[in-house]
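The values are calculated or read from the model by the stated rules, or taken from the named source; none is laboratory data. Bear in mind that the values here come from a model prediction, so they are computed numbers and not experimental data. Because the Cβ atoms are built from the backbone with ideal geometry, glycine has one as well, and the counts that use them run over all protein chains shown. When the accessible area is computed, the model is the full protein with side chains, heavy atoms only, and any ligands, DNA or RNA have been set aside. Shrake-Rupley method; radii C 1.70, N 1.55, O 1.52, S 1.80 Å.
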Amino acid sequence: MAAFSDIPKIVYEGPKSDNPLAFRWYNPEEVIEGKTMKEHLRFTVCYWHTFRANGSDPFGAATMQRPWDDGTESVENACNRARIAFEFFEKLDAPYYAFHDRDVAPEGDSLIETNKIFDAVADVLKEEQDRSGVKLLWGTANMFSNPRFLHGAATSCNAEVFAYAAAQVKKALEVTHRLGGENYVFWGGREGYQNLYNTDMKRELDHLAKFFHMAIDYATEIGFTGQFLIEPKPKEPTKHQYDSDAAACLNFLRAYDLKDHFKLNIETNHATLAGHTMMHELDYAGMQDALGSIDANTGDLLLGWDTDQFPTDYYLCTQIMLVLLKYGLTSGGVNFDAKVRRESFEPVDLFYAHIGGMDAFAKGLKIAAAIRAEQGLQSVIDERYSSWGSELGQKIESGSVGFKELEALMLEKGDSAPSGSGRQELVENIVNRFMDKV
């Protein structure tokens, strides 16, 4: 069945268009800094929010109108939903999608049955990928929804739960590999703790590392060469998650000899929950060659939880693109880990939401590229750090002097030279100027 027959294929019409079902800024073939927008942004639709979110929340029941979905967890419904999803991807002109295993395929009464169901739905996904040309950016396993994971998965106090999680990831890796997934993501939804009185943190972290090494070994065995990604988040649903931010993830990876095998999938809403900006988390990961992919969403400053709203803020998207243009995305993409609001319940709202997000990132890309071309921000940075180009600065950075030599210099001079202005208001004005210029 066709679910979106009344929706035309979404095309670029330019900034002057007032058509809500057209792109104003996202022109896939427009070349910026030597690459097309499509190559820069690698837009990805997330299956879990777009096709599984039902609009329920802690205060109310489901609201979403999804006429193609019969509300059951049958294999037939899951396969039909997959075909509808690809109709959406194609009309939106999205080159990628991403999923958790349980998004696309329901669990059966046993692991054997669950795997058979997953294979049956994967057959449909493969058929639709081959037909449409839409690719899988990444797969992952949902190891947080089922009650068996109430104490975590790879960090569970129950060894059999660890074993079940291993079997589940094994299958998810196989399906991701079969579907040509370019990455595999780990989000430790319940890999953390609620109370340290009853937690052996070192043991849990040791187990988590063993789990990741097992995943690396099995990926090698089956020939999966995609990038492994870890997605940081500080809290929710646990009070403290072990992958709390980029710094914690990278410290963990180095401590357990995993750094060469993993990069990070950074999410805006998770960054702000950690007390950081998205720009901070991206730059921190990028400068350590650990920036793999991003989840494109935003939170609400008036709400203190992970609201997963679609990004529409040009300033936020410009900040993100300034960092992405600096470091680049290789196998990663801009994944819309975002959901329409509970009150936006009609199918057409899925298009409005994604169009808005894609346009915001395209606008952010154009603004960021223009800022970089003029080099106004870079000139402020160059001036601010100019002393490091001096003989003294070069000696410090090269490691050819130590405390004794530096003390001798300062004893002779008596005091340091005065520092220059940080020009914070100037750099903010530069960004504002380009908001109107592009």
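When 300, 257, 306, 243 are checked against the criterion of being in a loop (DSSP other than H, G, I, E, B) and on the phi > 0 side of the Ramachandran plot, a single residue qualifies: 257.
Residues that are free of Cβ contacts under 8 Å to residues at least 40 places away in the same chain and out of contact with any helix residue (DSSP H, G or I) (no Cβ under 9 Å at 6 or more places or on another chain) were ranked within the range 57-71; the one that is nearest to residue 341 (Cα to Cα) is 62.
Is it the case, given these coordinates, that residue 424 is free of Cβ contacts under 8 Å to residues at least 24 places away in the same chain and under 37 Å from the mean Cα position of the chain (by Cα)? The answer is yes for residue 424.
Condition check ((1) free of Cβ contacts under 8 Å to residues at least 60 places away in the same chain; (2) among the charged types (D, E, K, R)) across all residues:
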position: 368; (1), (2): yes, no
position: 381; (1), (2): yes, no
position: 394; (1), (2): yes, no
position: 397; (1), (2): yes, yes
position: 406; (1), (2): yes, no
position: 414; (1), (2): yes, no
position: 431; (1), (2): no, no
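What number of residues within the range 214-240 are in a helix (DSSP H, G or I), of a type outside the set (A, V, I, L, M) and under 20 Å from residue 158 (Cβ atoms)? Number of matching residues: 0. Name, by its number, the condition in (1) more than 16 Å from residue 124 (Cβ to Cβ); (2) part of a loop (DSSP other than H, G, I, E, B) that does not hold for residue 49. The number of the failed condition is (2). Looking at the structure I just gave you, is residue 377 open to solvent by 30 Å² or more (accessible area, probe 1.4 Å) and out of contact with any strand residue (DSSP E or B) (no Cβ under 8 Å at 6 or more places or on another chain)? Criteria met by residue 377. The single condition from (1) open to solvent by 80 Å² or more (accessible area, probe 1.4 Å); (2) over 30 Å from residue 94 (Cα atoms) that residue 399 fails is (1). Look at the range 263-275: where a residue is within 9 Å of residue 298 (Cα to Cα) and of a type outside the set (S, T, N, Q), no partner that is at pLDDT below 95 and not in a strand (DSSP E or B) sits 6+ places away or on another chain with Cβ atoms under 6 Å.
If you go through the range 173-213 and keep only what is in a helix (DSSP H, G or I), open to solvent by less than 50 Å² (accessible area, probe 1.4 Å) and among the aliphatic types (A, V, I, L, M), you end up with 173, 175, 205, 208, 209. Give me the pairs, please: first residue somewhere in the range 129-149 and farther than 12 Å from residue 95 by Cα, second residue anywhere and modelled with pLDDT under 95 and crowded, with 19+ Cβ neighbours inside 10 Å, beta-carbon distance under 6 Å, and either six or more positions apart or on two chains. Pairs found: 144/189.
With respect to the stated conditions, residue 42 is crowded, with 21+ Cβ neighbours inside 10 Å, under 30 Å from residue 172 (Cβ atoms) and of a type in the set (Lys, Arg). Taken across the range 121-132, residues that are in contact with a strand residue (DSSP E or B) (Cβ under 6 Å, 6 or more places away or on another chain), surrounded by 14 or more Cβ atoms within 10 Å (Cβ to Cβ) and of a type in the set (D, E, K, R) do not occur at all. Filtering 3, 85, 62 for residues that are touching a strand residue (DSSP E or B) at 6+ places or on another chain (Cβ under 8 Å) and of a type in the set (Gly, Ala, Ser) leaves a single hit, 85. Residues that are assigned to a helix (DSSP H, G or I) and surrounded by 15 or more Cβ atoms within 10 Å (Cβ to Cβ) within the range 101-119 comprise 101, 102, 103, 104, 114, 115, 117, 118, listed in sequence order.
Pairs linking a residue in the range 76-93 that is at negative phi to a residue that is of a type in the set (Lys, Arg), with Cβ atoms under 7 Å and 6 or more positions apart or on different chains, are 91/9.
When restricted to residues that are more than 12 Å from the chain's Cα centre (by Cα), open to solvent by 30 Å² or more (accessible area, probe 1.4 Å) and touching a residue at least 24 places away in the same chain (Cβ under 8 Å), the range 290-315 contains 6.
Reported count of residues in the range 341-370, each being more than 21 Å from the chain's Cα centre (by Cα) and not in a helix (DSSP H, G or I), is 6.
Is there a residue in the range 271-287 that is part of a strand (DSSP E or B), open to solvent by less than 40 Å² (accessible area, probe 1.4 Å) and either among the aromatic types (Phe, Trp, Tyr) or within 19 Å of residue 186 (Cβ to Cβ) (or both)? Within the range 271-287, none of the residues are part of a strand (DSSP E or B), open to solvent by less than 40 Å² (accessible area, probe 1.4 Å) and either among the aromatic types (Phe, Trp, Tyr) or within 19 Å of residue 186 (Cβ to Cβ) (or both).
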